[in-house]
Amino acid sequence: MKLAFLSLIALATVFAARGQRIAPDVVGPITIQPIQHATLVLSTANVTIYSDPVGGAKMFTGLKSPDIILITDIHGDHMDAATLAAVRTPNTIIVMPQAVADKLPDSLKTKAVIMHNGDKGAQMGIGIEAIPMYNLPGPSANMHTKGRGNGYVLTMGGKRVYISGDTQGIPEMRDLKKIDIAFVCMNLPYTMDVKEAADAVLAFKPVIVYPFHYRGQGGLSDVEEFKKLVNAGDVAIEVRLRNWYAGM
């Protein structure tokens, strides 16, 4: 099993060398494979999780099929029925909010698990908590309404992993505890700017944070500035900058 796990890392690295995918990171027993924008793959020796898979099966060439798929919201950069149909297996569990389930064909609901904000559960030994994600009052308030979508906190490989979904620096994010790895969005006008994202991260203090989902109407957010702001507030937080838009 360990050999297969290492082979997964090696294969992903080969694809990265060919310009198709950046190389994965490893944090303890977890392999983190950035795919693009909001899409990523998390793997341990026993479980592979796709988060917001979009872009077609080609985006996941060489990676293990998902045991679990997480979907955060109804927008096309998070939910893509064609990609779901292409990458899932008959045994794949798809975790989603009700709003997503309402928009998917029945054929994709056979292994669906509906989670509402605040729900907690476990699938295949992975703890899953559905965390609110939404815009605060203001010009973007109707883009992501409270209760429609989910962020997620996963407990896997002895680590707590937070995937923000599309959100601003809401109280529920700022109140998170003992997060080892965080994936935090930052793109205007849809979520939050770099300063707000950094301020929220400094509130909940993950061990490692990845800025992702950072392409907005004005182009790519300044992730170097995000890193600077976070480490000016807390040098102990490791900010990992990866190119989520390689090849685009």
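The values are calculated or read from the model by the stated rules, or taken from the named source; none is laboratory data. Quick caveat: nothing in here was measured; it's all calculated off a predicted structure. For neighbour counting, all protein chains shown are included, and Cβ atoms are generated from backbone atoms with ideal geometry for every residue, glycine included.
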**Prompt:** When you go through (1) touching a Gly at 6+ places or on another chain (Cβ under 6 Å); (2) loosely packed, with under 13 Cβ neighbours inside 10 Å one by one for Asp73, which number turns out not to apply?
**Reply:** (2)
**Item:** Exclusive hit being in contact with a Leu (Cβ under 9 Å, 6 or more places away or on another chain), in a helix (DSSP H, G or I), closer than 20 Å to Ile163 by Cα and at pLDDT 95 or above, set Leu42, Leu84
**Value:** Leu84
**Message:** Can you tell me how many residues within region 93-108 are farther than 21 Å from Gly165 by Cα and assigned to a loop (DSSP other than H, G, I, E, B)?
**Reply:** 1
**Identity of the residue in region 88-119, closer than 19 Å to His75 by Cα and acidic (Asp, Glu), that ends up surrounded by the fewest Cβ atoms within 10 Å (Cβ to Cβ)** = Asp106
**Fill in**
The one condition Ala112 fails out of (1) in contact (Cβ under 8 Å) with a residue 24 or more places away in the chain; (2) closer than 23 Å to Leu42 by Cβ; (3) among the small types (Gly, Ala, Ser) is (1)
**Request:** Name the one entry in Gly118, Gly125 that is modelled with pLDDT of 95 or more and more than 24 Å from Ile30 (Cβ to Cβ).
**Result:** Gly118
